[in-house]
Each structure stands twice: as structure tokens, then as C-alpha cells.
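Encoded as C-alpha cells, the structure appears first; notes follow it.
The values are calculated or read from the model by the stated rules, or taken from the named source; none is laboratory data. Because the structure is a prediction, the values reported are computed rather than measured. Backbone-built Cβ (ideal geometry, glycine too); neighbour counts: all protein chains shown. These area figures cover heavy atoms from the full protein model, side chains too; ligands, DNA and RNA do not enter into them. Shrake-Rupley method; radii C 1.70, N 1.55, O 1.52, S 1.80 Å.
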Amino acid sequence: MKYCAMKRRLAFLLAGLSGLLPGLLPAAEFDYALQARKVADGVYAFIGRTEDFTMENGGNIVNTGFIVAPAGLIVIDSGPSLRYGRQMRQSMTAQTGKSPVMLINTHHHPDHFLGNQAFADLPIGALPATVKGIAEEGNAFAENLFRLSGDWMKDTEVQVPNKTLAVGTSDIAGRRLRLIALDGHTGADLAVYDETSGVLFAGDLAFNRRAPTTPHADVTRWLAALDTLEAITREPGFTALVPGHGEVSRDAQPIRQTRAWLTWLQGALRRAAQAGQDMNEVLELPVAPDFAQWPQARSEYRRSVGHLFPAAEQGVLEGRY
Amino acid sequence: MKFPMTIAALALAALMPAADAAALSETGDPLASARWGEMEKSFLAGAPVLFDPRVKVIAPSMAEDPLQVPVTVDATQLGKVVEVLVFADFNPIVQVLRFYPEHASAYLGFRVKLQQSTPVRAAVRTADGIWHVGGTWVNTVGGGCTAPAGSAAAKDWQQRLNAVSGRQWSTGPNAGRLRLRIEHPMDTGLVAGTPAFHLEEIDFHDAAGQRLMRLQTFEPVSENPVFTLQAGENAGAVEASGRDNNGNAFRARIAP
Ligand SMILES: [Zn+2]
């Protein structure tokens with residue numbers, strides 16, 4: 001049964017339009033040209049493009065980052081491929097003169113962990129359900145990224161995290177970090193708050209001006225997680241939020257945007273089900289004007305119909321709402 | 001078969017709007033499928049066939065989830081329809097379902113598992129014996145038919161087998177519509193170790209006891225099927241009854 005669940009989720013996650021666009025040649029020598037941006041003192045982020053996986057971008061559509069701790073660099077997410085992980089590691093060491101001492105995976109989506117191999121010599125930590133998810137679904141995710149991103153993926157293999165993270169505030173490599181276990185984007189979403197700089201790494205719980213992805217989403221749980229994150233942004237020390245996709249923000253705007261999208265999406269699907277609409281009709285509904293201009297709004301909406309409409313429909317047919 | 005078809009086509013064209021008449025075709029599969037000849041031979045052999053734009057088959061051109069591809073067949077522009085056969089040329093199991101609209105409209109929404117990119121077609125037989133064929137290509141990236149049903153992974157699926165939920169709409173833009181969901185794994189038998197296990201027959205009757213529709217379903221219909229019918233605004237409480245290929249029967253009443 002595992003195989004089935006895997007196949008099904010894969011299709012949800014990766015059936016991108018991008019796979020259909022031929023003729024785009026990869027950049028020379030598969031160079032992601034990674035350049036970390038300073039978010040705060042000792043905190044950096046690599047900001048990916050707000051696109052789908054393509055042969056051209058090689059999966060550089062995700063944000064990763066690192067924190068400079070006294071003992072070395074704490075890395076947050078490893079990107080979509082071995083090449084990305086290696087280039088990221090090289091870039092951050094060149095930039096800071098320090099070596100990474102630990103990698104954290106925020107959740108089990110492939111653009112966030114397929115660079116793990118480049119950090120196989122280090123502790124790689126994640127929430128227990130994330131470790132399980134990567135072990136069970138990682139290979140299938142990787143297979144599909146090979147199809148979507150081609151040779152950018154060369155030699156990429158799944159490296160399952162070797163450490164289960166305990167949540168709460170503690171010193172990691174000499175830096176005060178708060179690890180917050182949430183869920184809703186997937187079954188386990190880890191947010192990392194750097195107490196020293198006031199930077200919040202929100203993972204894919206927050207998207208900034210990019211339509212959120214929902215292949216493993218539980219919208220109600222996700223909305224609750226956003227409330228928890230927004231409370232952190234109201235703490236006096238908060239300075240910046242690094243979303244999983246989209247630009248770094250100095251306020252809670254990505255959280256509010258993600259909440260607005262999810263609330264609209266949940267409401268639209270429920271109203272459509274209540275009106276008796278069939279899935280083909282729901283697929284054609286317009287995206288709300290507030291979001292229609294976001295990159296990938298239309299394609300993510302259509303994917304989300306597949307992920308979330310069957311449950312909305314079941315709720316109506318069973319008379320629950 | 002060429003001669004009788006031509007007469008039929010001419011007669012039909014005279015009754016149709018010019019644009020539709022121009023698109024009527026007796027030869028040349030508009031979907032240019034390498035398997036059309038084989039399809040015609042297996043399912044429609046010997047009877048006159050027309051590619052008819054009035055047979056609407058709606059499905060996404062790119063299926064996000066090959067296990068749940070939504071398909072809507074609308075043959076309501078054709079007049080009296082006797083039988084509708086839905087098939088997908090390149091599926092390992094080609095036949096998806098057949099329905100016989102009696103007192104309901106020649107309209108059905110459902111979801112299907114597709115193994116690869118394929119035309120999805122409806123062949124609609126009218127009382128004069130002509131098959132009117134419409135269809136659309138669906139592109140897919142993954143396999144739907146050889147993946148086991150997911151519901152079997154849920155612990156309580158056996159308790160919920162054939163559980164029916166549904167609703168009728170009597171007001172609003174979808175007045176006269178009936179939607180119905182049946183819990184069933186719809187196993188194709190193509191996965192090693194899992195025999196074919198699927199719903200076979202569903203009958204819909206209105207409150208007056210008239211049959212609205214007889215529906216035969218095959219393996220490619222998606223797990224936990226959801227059907228959308230136009231039962232009409234005066235159907236009253238509709239009774240849905242049916243069984244799967246293992247003889248498990250169900251009966252449910254869906255009040256407006
Ligand atoms: Zn994600």
C-alpha cells in the first residue's frame with residue numbers, strides 16, 4: 001500500500017506543466033549561481049525563483065539558508081539536487097570562512113532535502129514524521145525531479161536524515177535556536193527561530209507572493225500553524241521571516257498572504273461543492289483577483305482542486321456542511 | 001457501411017447548425033489516435049459511426065492526478081439517446097463505463113484512472129442505431145491503473161464498503177442535479193496480488209419507480225466513485241441500487 005500512496009502523492013506534487021516544455025537548455029555546467037543574501041547578522045538565505053521545476057532552473061525554486069553559530073554553520077534545507085547541495089556548501093564556506101556543522105530539513109518535500117547527500121558527513125536532523133516521509137517517498141520524489149529537471153539531478157540520491165530533532169529552545173552549535181514543530185503544509189513542518197537575530201525560518205508554511213502548494217496539505221491545521229508563526233512575529237526581538245518560497249520579509253506579510261490564499265481556497269472549494277459543482281467545473285473557476293497575478297496561481301489552484309476538492313465534496317455529500 | 005452512413009450523415013447535417021454540420025465526419029478520427037481502428041472494431045463494429053461535435057467529453061488536457069481524472073459526458077444535444085459507452089484508447093483496460101439514460105438526461109460526470117496519455121471518448125447510440133462519437137485527449141504523467149487503490153490502506157474500508165452518500169439540488173444553477181459517492185476500492189486487478197474488485201452495475205430510479213439510468217462500471221472508474229447525473233427537477237427521492245463483481249450489494253435513497 002505504501003507504493004500506492006507514494007505514486008498518488010507524487011502525481012499530485014509533480015505533475016507540473018513544466019515537464020511539457022521542451023527545448024530549454026540547462027545553464028552552462030549546471031551552475032545554480034548561488035549567492036547567499038544577508039538577512040541579519042550571522043543569518044543568510046539563498047532565494048530561489050518563484051517558478052515550477054524546469055530543465056532551465058534545475059529546481060532552484062526554493063529558499064534555503066544558514067546561521068553562523070560559534071561552532072560552525074547551521075544549514076536549513078539543502079535544495080533540490082546533489083549539485084545544489086554541493087554548490088550551496090561551497091558558496092557558504094567561501095562567504096563565511098566556516099564549515100557547516102549540521103543540516104536541518106524543514107519538511108519532506110524534495111526541493112528541500114535532495115541536496116542532503118552533500119552534507120552526508122554531518123548530523124542531518126528533522127522531525128520524526130519528516131524522517132519517515134523522506135525514507136518512504138524520497139525515491140519516488142527524486143525520480144520525478146529527474147524527469148522535470150533532467151541532468152541537474154545527476155547522481156542525486158536520497159539521504160535520509162540521521163537524527164530526530166527535539167523541539168524547544170536550546171543551544172545548537174553554540175547558538176540559541178527555537179525549533180517549533182507544526183504541521184498543515186505536510187504532516188510535519190519545522191520552523192526555526194534564531195533567538196539571537198530574530199529571524200524566523202518558516203519553511204513552506206509561508207509562501208511570499210507565490211501560490212502555496214498543497215499535495216500533502218491539511219488546510220485547517222495549516223491555518224492553525226500560521227497563527228503560531230504570526231505570534232512569533234509579534235515578539236519584540238523579531239526582525240525577519242524567511243519563507244519557503246518567495247522573498248524575505250521584515251513583517252508577517254507572507255503569513256497573512258498564505259492564510260488569505262488558504263482561506264479563499266478552502267471557502268471556494270466548499271462553496272463549489274455546496275452548489276453541486278462537478279470537478280471539471282471547479283477546475284475552471286477563476287482565482288480570486290487578490291491572487292490572480294501571483295506566479296503559478298492558476299496552476300497551483302488546479303492542482304489544489306485535485307488535492308482538496310474530493311474531501312470538500314465528500315463533506316457536502318455526507319451532509320457535514 | 002459507407003453508403004448508409006452517408007445518408008445518415010446528410011440527414012443529420014440538415015438538422016444541425018452549420019458549424020456543427022461542418023465538423024460532422026464519417027472518416028478520419030479527429031483525435032488522430034493510432035488505436036481508433038481497433039476501438040471501432042471492438043466496440044462499434046458493424047454499426048454506422050459519426051464523429052459528432054454534439055457529443056461533449058470534458059476532461060482536463062493535462063491530468064494533475066492520473067488516479068482521479070474528472071470526465072463529464074454531455075450528449076444532451078443529440079435527442080433520444082439509448083446507450084453511451086465511454087472508453088480510453090490507450091488504457092490497459094479500455095472500457096470505462098456504459099450508461100443507458102432512460103428518464104434521465106444523457107449526461108454523466110465521473111472520475112477515471114488513466115495509465116498514460118490517451119483519448120477519452122464517448123460513443124453515443126441514438127435510436128436510429130448510429131453511434132455518435134466525441135472525445136478529447138488527456139495527457140498524464142503517471143500511471144493510474146497499476147497503482148493499488150489507496151482506500152485499502154485505510155483501516156476501516158471494509159466496514160465502509162459500498163457506503164453511499166449523495167445529494168440532490170432542487171434550486172440554483174444546478175437544479176435537477178444529483179451527485180452520489182460510493183465507497184469502493186475499484187481495484188483494477190492489474191496490481192500483483194490484488195484481484196479485480198469493482199462496482200459493476202448501478203440503477204437509478206425516481207420516486208415514481210421509473211428507471212432514470214442504468215449504469216455499468218468497469219475497472220478504470222476511480223476509487224470511491226463520485227457520479228453527477230441530471231435526474232431532473234421532478235424526480236423526487238431517487239433510489240440508487242447496485243452491486244460489485246463480488247456480489248456485494250447496496251441500496252440508498254437520495255431525497256431532494
Ligand atoms: Zn513544501
Which pairs turn up if I take residues in segment B:103-120 that are more than 11 Å from B:PRO220 (Cα to Cα) and look for partners that are in a strand (DSSP E or B) and at pLDDT below 95 with beta carbon separation below 7 Å, at least 6 apart in sequence or on another chain?
B:GLN116/B:THR140; B:SER117/B:ASN139; B:SER117/B:THR140
Leading residue by the ranking (nearest to the ligand (Cβ to nearest atom)) among those in segment A:228-282 that are farther than 26 Å from A:GLU51 by Cα and among the small types (Gly, Ala, Ser):
A:ALA231
Scanning segment B:204-223 residue by residue, the ones that are polar (S, T, N, Q) and crowded, with 22+ Cβ neighbours inside 10 Å total 2
If A:GLN314 passes every condition in (1) in a loop (DSSP other than H, G, I, E, B); (2) within 11 Å of chain B (Cβ to nearest Cβ); (3) surrounded by fewer than 19 Cβ atoms within 10 Å (Cβ to Cβ) but one, which one does it miss?
(1)
Answer yes or no: is there a residue in segment A:264-281 that is of a type outside the set (Phe, Trp, Tyr), outside any helix (DSSP H, G or I) and touching a Lys or Arg at 6+ places or on another chain (Cβ under 7 Å).
yes
Against the condition open to solvent by 10 Å² or more (accessible area, probe 1.4 Å) and on the phi > 0 side of the Ramachandran plot, how does A:ALA173 come out, does it pass?
yes
So which of A:ALA217, A:ALA188 ends up being aliphatic (A, V, I, L, M) and either over 24 Å from A:ALA297 (Cβ atoms) or away from the ligand (no atom under 16 Å from the Cβ) (or both)?
A:ALA188
Give the residues of segment A:125-158 that are over 19 Å from A:PHE30 (Cβ atoms), in contact with a Ser or Thr (Cβ under 8 Å, 6 or more places away or on another chain) and more than 15 Å from the ligand (Cβ to nearest atom), sorted by residue number.
A:GLY125, A:PRO128, A:VAL131
Failed criterion for A:ILE104 (all others in (1) open to solvent by 50 Å² or more (accessible area, probe 1.4 Å); (2) closer than 26 Å to A:GLN35 by Cα hold)
(1)
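So that you can scan it fast, the table gives a plain yes or no per residue for (1) closer than 30 Å to A:GLU318 by Cβ; (2) modelled with pLDDT of 95 or more; (3) buried (at least 20 other Cβ atoms within 10 Å of the Cβ):
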position: A:VAL248; (1), (2), (3): no, yes, yes
position: A:GLN266; (1), (2), (3): yes, yes, no
position: A:VAL282; (1), (2), (3): yes, yes, yes
position: A:ALA288; (1), (2), (3): yes, yes, no
Can you name the residue in segment A:104-121 that is in contact (Cβ under 8 Å) with a residue 40 or more places away in the chain and more than 16 Å from the ligand (Cβ to nearest atom) and is also farthest from the other protein chains (Cβ to nearest Cβ) among such residues?
A:PHE119
Being within 18 Å of B:VAL96 (Cβ to Cβ), open to solvent by less than 10 Å² (accessible area, probe 1.4 Å) and out of contact with any Asp or Glu (no Cβ under 6 Å at 6 or more places or on another chain) is the filter; apply it to segment B:165-189 and report the residue that is nearest to the other protein chains (Cβ to nearest Cβ).
B:LEU180
If only one of B:LYS56, B:LYS41 is in contact (Cβ under 8 Å) with a residue 40 or more places away in the chain and open to solvent by 20 Å² or more (accessible area, probe 1.4 Å), which one is it?
B:LYS56
So A:LEU223, is it in contact (Cβ under 8 Å) with a residue 24 or more places away in the chain, within 17 Å of the chain's Cα centre (by Cα) and within 17 Å of A:ALA297 (Cα to Cα)
no
